[in-house]
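The next block holds one structure in the form of structure tokens; read it before the comments.
The values are calculated or read from the model by the stated rules, or taken from the named source; none is laboratory data. Quick caveat, the model's predicted, so the values are computed rather than measured. For neighbour counting, all protein chains shown are included, and Cβ atoms are generated from backbone atoms with ideal geometry for every residue, glycine included.
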Amino acid sequence: MTGEVKRAVSDYEIFQTWQAGPAAVIRLFERVFGTLALYGAPPPDQQQYSIELLSQQIAGLQGHVEKLKAENSALVSENVRQLSPQP
């Protein structure tokens with residue numbers, strides 16, 4: 001067992017992929033080796049566009065999280081008020 005390298009893909013999976021056709025083989029290579037290794041880095045303009053797009057999505061999600069936290073606080077306060085004994 002020493003000296004063996006663990007394979008990422010079995011022979012059967014390679015065979016099945018080969019039978020599925022060229023597009024499946026390319027997807028398998030992308031999954032195993034990663035798209036960066038196969039195609040190289042995207043051009044700087046595309047990288048910057050991706051960074052800006054992801055930054056906008058993160059900002060939107062952070063805003064949504066803040067809104068949900070505020071709603072949660074309001075609901076907790078309402079539940080505490082309803083569960084507190086009335087004088």
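Quick check: anything in the stretch 22-31 at pLDDT 85 or above, of a type in the set (Gly, Ala, Ser) and in contact with a helix residue (DSSP H, G or I) (Cβ under 8 Å, 6 or more places away or on another chain)? Yes, the stretch 22-31 contains at least one residue that is at pLDDT 85 or above, of a type in the set (Gly, Ala, Ser) and in contact with a helix residue (DSSP H, G or I) (Cβ under 8 Å, 6 or more places away or on another chain).
Pairs are defined by a Cβ separation below 8 Å, a sequence spacing of at least 6 or placement on different chains, a first member in the stretch 33-61 that is under 25 Å from Arg7 (Cβ atoms), and a second member that is modelled with pLDDT of 85 or more and surrounded by 11 or more Cβ atoms within 10 Å (Cβ to Cβ); the pairs so defined are Leu38/Phe29; Leu38/Glu30. All conditions in (1) in a loop (DSSP other than H, G, I, E, B); (2) exposed (fewer than 10 other Cβ atoms within 10 Å of the Cβ); (3) basic (Lys, Arg) hold for Arg7, with the sole exception of (2). Looking for whichever is in a helix (DSSP H, G or I), in contact with a Ser or Thr (Cβ under 9 Å, 6 or more places away or on another chain), surrounded by 10 or more Cβ atoms within 10 Å (Cβ to Cβ) and small (Gly, Ala, Ser) here; the options are Ala24, Ala74. Which one fits? Just one listed residue meets the conditions, Ala24. Looking at Tyr49, is it part of a helix (DSSP H, G or I) and exposed (fewer than 10 other Cβ atoms within 10 Å of the Cβ)? Considered against the rule, which asks whether it is part of a helix (DSSP H, G or I) and exposed (fewer than 10 other Cβ atoms within 10 Å of the Cβ), Tyr49 comes out as no.
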